[in-house]
Structure formats: structure tokens, C-alpha cells
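Structure, as C-alpha cells:
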Amino acid sequence: MTKMRVTWVSLEWPREGHHSGGVGRYAARLAARVQELVDLTVITYAGAAPVPGVELVTIPPAGSRVERYYTSAWRAARALPATRPDVVHAHGDDFLLRTSAPIVRSFYGTSWGEAKSSTGLRKANHVVLAGAELWSAKRAQLRLGIAPESLEMFRCQHVFPPYLRQQRTTGGTKGAEPVVVFIGSFRGRKRGWMVQEAVEALRAEDDRVRLVVIGPADDAASWSPWVEHRAGLADSQVADVLGSAWVLASPSEYEGFGIPVLEGIDHGLRVVASSNPGSQYLQSRAEPGVPLDVVEDEAFGASLGRAVARGPVKSRPEREAGGRLVSDMAADGSPERLLSIYQEALRAAR
């Protein structure tokens, strides 16, 4: 039987020599699974990491903010017709697309939410992009929101969590020394500086406490010398870091979902997260016992201290409660469910 031809627009994608955020890593993981179900083509930047079974159609990498958010959207729109899709799945950057094929649009949070947590030119840019997102939502046949915030703002028909479980080894790998892990940059909405300050206070009482940061290479100099900064890690290496840590710290000012938070729970970590739409949603889906503490900023340091003092997650109820939350999210965002959404889009377009 001939497979459905699906084209993704996915400019957030792992590239050699570039730090890839959670959405980019997730997109590549999902593509590796979805290509078994459909004939998949991905429009992305040149230098993108290949995925077996996925055809990559590339456009020139962006050299500026204007190119990234506007010129690249135009280039992606020009590249689309040659892929001859039955369905287009846009993971962003789609407001200039012209196609007779039905469009499925994933919303990974909101640009308006990004604007509220930004300043200066970044804030102005996200205000403009918020308007472009509303236009994209209006044109799409089906809209997928990753949490209630995007679901409500864009009137999405489906909640589709951005999480796939990966093969990994956990359990029995936690070291004797306390390790806090943080994923992101020192500045900006990820607010790594908050983690450094909190861990530094803990180290004043116990110098065994370590902070391991997974972030962009060009951000390494922002951190204090005692911080262990790692860049350019493959998924398996990220899993190794998470598997050996005790606590994941996520003080992000804004997250539409918060992939690292769920990833931390999946790897058996205690997670301390600042209150934002993504962490609030995960907390609302979590049953009692899940090792997730969602706190306001003023309580972040104290909560991190308590998590470190409790030690690694060892109790069976905590592990099982966390496992059920992760399983529920992964089932709601499975490749098989995505295929049914593509089929729904085709039916709606007829």
C-alpha cells in the first residue's frame, strides 16, 4: 500500500556545531518513528542531522534574527511545492506557506508568552510573531497544542504532548555525591543564573554538591569555574547525564510544555521547576507522589535545597507515579496517534 506523503516544516532541528533545544531534539526523534508510517520529507536548514528514512530538503541557514523568523519562512514556502505533499505538518515558520494540501500545525507554546518574558528587540519580535501564529492557526485544518495554554489560544482540536520515551539505562546509576543538572543558557528565559546561585548556596554547606549544565558552547564562559558545562551532547549522552543526577532544576520564566521537566521525571530525578504554563500543566496531570515541585521564584532555592537533601528517588511509589505520568504523556503524543491526525486532516479537506 502506498504511504501517505507528508512534508514537515521544521527549522528547529539538530545541526552539526549548533546547540539544539528540546523542540529540535524532539522533532528528530519523532521523525525517526513517523517515517515508518508515512513517506516523510522535512524542510529544514542545511547541515541538519540526517535521520534514516527521512528525506531532508534544506534551505540556507539564517544569519540573523530577521532571516531566522522571516526570510527562512519565505524560503521554506518556496521549497514546499516540489515535495508534493498529501499533508503538510508545520512545526512553526508556516505563515507564508501556499499549498492546496491540508495543514496540520503544532503549537509549542505561544509567541505571546515568549514576549511577556522577553525584553527589547526580542520582545518586539515575539509580538510580531504572535500575530503570525494567529494567522497560521486560522489557515490550518487541524491544530495541535502541547498544553492547555496553546490549546485555548489557538482553539486546537487536539492536545499532543511533545514527548517520546527513549531507550536508556537508569536505576542504580546515581552517584554518592549530589548532582544537580540544568539544561539551557545562563541568561534569557531559561535563567540558569538562578540555578547557579541556588547551588552555590548549597555548596557553602556541602561542597560535594555539583552542578552539571547542558547548554550552548558559546555560553560556557558565563558560568563560574566550578560549574561543569557540557555542550554538543548526543541524546544518549544527555541520557547518561540525567541518569547519574539527583535533581533537575528548571527555573525557566516561560515554557509552553517543558520537555526537560518530563525528561527528568522519566530518568528518575527529582524536579524543581518555576511556575509557568508548562510546569503547571504537568503538575495538573501528575498524581500525588510524582517527584515534581512547582514553585514561585522566591521559593526556588529552598525547594532545590530540600530536593537535594532528600537524595535520589528511591521509593517505589515515587518511581511508579512518575512513570505513569510519563506513560500518559507519551501515549497522547504517540506516532500512531499522529498518523490518525493526518488521516483526519485528509478527510476534513475533502
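The values are calculated or read from the model by the stated rules, or taken from the named source; none is laboratory data. All values derive from a computational prediction rather than experimental measurement. Heads up, the Cβs are rebuilt from the backbone with ideal geometry, glycines too, and the neighbour counts pull from every protein chain shown. Remember, those area values only see protein heavy atoms, side chains included, never the ligands or the DNA or RNA. Shrake-Rupley method; radii C 1.70, N 1.55, O 1.52, S 1.80 Å.
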Residues located in the stretch 63-99, provided they are aliphatic (A, V, I, L, M) and within 16 Å of ALA132 (Cβ to Cβ):
VAL66, ALA73, ALA76, ALA77, ALA90, LEU96, LEU97
Kindly indicate which of GLY289, GLY301 is within 28 Å of ASP206 (Cα to Cα), outside any helix (DSSP H, G or I) and either without any contact (Cβ under 8 Å) to a residue 12 or more places away in the chain or not charged (D, E, K, R) (or both).
GLY289
Determine whether the stretch 251-259 contains at least one residue that is farther than 26 Å from LYS116 by Cα and crowded, with 18+ Cβ neighbours inside 10 Å.
no
For the stretch 254-270, how many residues meet the condition of being in contact with a strand residue (DSSP E or B) (Cβ under 9 Å, 6 or more places away or on another chain), under 23 Å from PRO317 (Cα atoms) and small (Gly, Ala, Ser)?
1
When you check VAL308 against the structure, is it modelled with pLDDT of 95 or more, in contact with a Leu (Cβ under 7 Å, 6 or more places away or on another chain) and of a type in the set (Val, Ile, Thr), yes or no?
yes
Of the residues that sit in the stretch 315-346 and are surrounded by 15 or more Cβ atoms within 10 Å (Cβ to Cβ), small (Gly, Ala, Ser) and closer than 17 Å to LEU269 by Cα, which one is farthest from the chain's Cα centre (by Cα)?
ALA321
State yes or no: is ALA349 open to solvent by less than 70 Å² (accessible area, probe 1.4 Å) and over 28 Å from ARG191 (Cα atoms)?
yes
Please identify the pairs in which a residue from the stretch 268-282 that is part of a helix (DSSP H, G or I) has its Cβ atom under 8 Å from the Cβ atom of a residue that is of a type in the set (S, T, N, Q) and open to solvent by 10 Å² or more (accessible area, probe 1.4 Å), counting only partners at least 6 apart or on another chain.
SER279/SER250
If a residue counts only when it is surrounded by 22 or more Cβ atoms within 10 Å (Cβ to Cβ) and touching a strand residue (DSSP E or B) at 6+ places or on another chain (Cβ under 8 Å), which strands (runs of 3 or more DSSP E) contained entirely in the stretch 1-117 have at least 3 such residues?
5-9, 39-45, 87-90, 103-107
